[in-house]
Amino acid sequence: MSTSATSFFQACSILAVILSAIALYFTQQSSARMDPVPTTESNSTAQLSTAQLEEAISSLRGELITLQFRLDAMELAGVEASAVLENTEIEEEANRVQLRALEADRIAAAVEAVIDERGVELAKEAQHQAKREQGRTGMSRWVDNSRNKLPNLYDRIAEKMDLDPRTELAVEEILETGFETLTMITTELVEGDLDDDEITALQIEAKDEFGNIIGQLDEVLDPQQMIHLGQIYSEEVDPKVGSGIIANGNQGDDEDEG
């Protein structure tokens, strides 16, 4: 119960008591005026009525005091109830705030977990992409670097190998044609929009082309010439391909001996 409601109720109660007392008093007065001749009996009656009025007023005064005590008690109880209600609402709001904070923490943790998981996936994908790009560009650089060294290789062949002009020209044509094909393969490998399988297929095709070059050289050179060419190729261009040429020559020697 609010303070304003308590005061209004208190005022109404007090007013009711006062009105009751006044009404009783005027009732007694009206009875006294109706007696035309004052007599001893009427005086006694008036005195009795006055005494009754005083007794009624005294009784009403007692009830008023009692009522005032009850009203004060009710107001105090209302204030205490209001305080309890306010404390309860504060506690409930604090609990709601705490629950919202916990929910926010759970959401943040879930989002962070997803981000971490996605970050690992992205890192793996980036590593895979880097490895794939390295394989594509690495082979292209290897082919370009080897092709740029071919002119110097031809000079060393002319200096160190006793080949007739026709055989020497055939060797140069085989190497030029082979590296032209390799350049086309690696260009597609680097510039093409390829998936992993297509990249692997082109890399295998490039390696096969190296084997094709060695096979064509074996057709125009004898085993000893192949070994000699392999040694020069290893020094001037690339040891790995040079070793392949030497291995082919040694295989030819074994077959001849057999």
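Structure values in brief
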item	result
Condition check for Glu198: part of a helix (DSSP H, G or I), farther than 17 Å from Asp155 by Cα and either touching a strand residue (DSSP E or B) at 6+ places or on another chain (Cβ under 9 Å) or without any contact (Cβ under 8 Å) to a residue 24 or more places away in the chain (or both)	yes
Qualifying residues in the stretch 144-187 (those that are under 45 Å from the mean Cα position of the chain (by Cα) and buried (at least 16 other Cβ atoms within 10 Å of the Cβ)) - the one nearest to Glu219 (Cα to Cα)	Ile185
Residue check, Gln231 modelled with pLDDT of 95 or more and either touching a Phe, Trp or Tyr at 6+ places or on another chain (Cβ under 7 Å) or assigned by TED's automatic domain parsing to the domain that holds Gln251 (or both)	yes
Tabulated pairs, the stretch 202-230, first of a type in the set (Gly, Ala, Ser), second surrounded by fewer than 17 Cβ atoms within 10 Å (Cβ to Cβ), C-beta under 7 angstrom, 6+ apart or interchain	Gly230/Ser243
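Every residue, every condition in (1) part of a helix (DSSP H, G or I); (2) within 13 Å of Tyr233 (Cβ to Cβ), yes or no:
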residue	(1), (2)
Val143	yes, no
Asn152	yes, yes
Ile157	yes, yes
Leu169	yes, no
Glu173	yes, no
Glu176	yes, no
Glu180	yes, no
Val190	yes, no
Leu194	no, no
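Yes/no matrix, rows are residues, columns are (1) free of Cβ contacts under 8 Å to residues at least 60 places away in the same chain; (2) closer than 21 Å to Gln231 by Cα; (3) not charged (D, E, K, R):
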site	(1), (2), (3)
Leu150	no, yes, yes
Ala170	yes, yes, yes
Glu176	yes, yes, no
Thr183	yes, no, yes
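The values are calculated or read from the model by the stated rules, or taken from the named source; none is laboratory data. Please read all numbers here as calculations on a predicted model, not as lab measurements. When we count neighbours, we look across all protein chains shown, and the Cβ atoms used for this are built from the backbone with ideal geometry, even at glycine.
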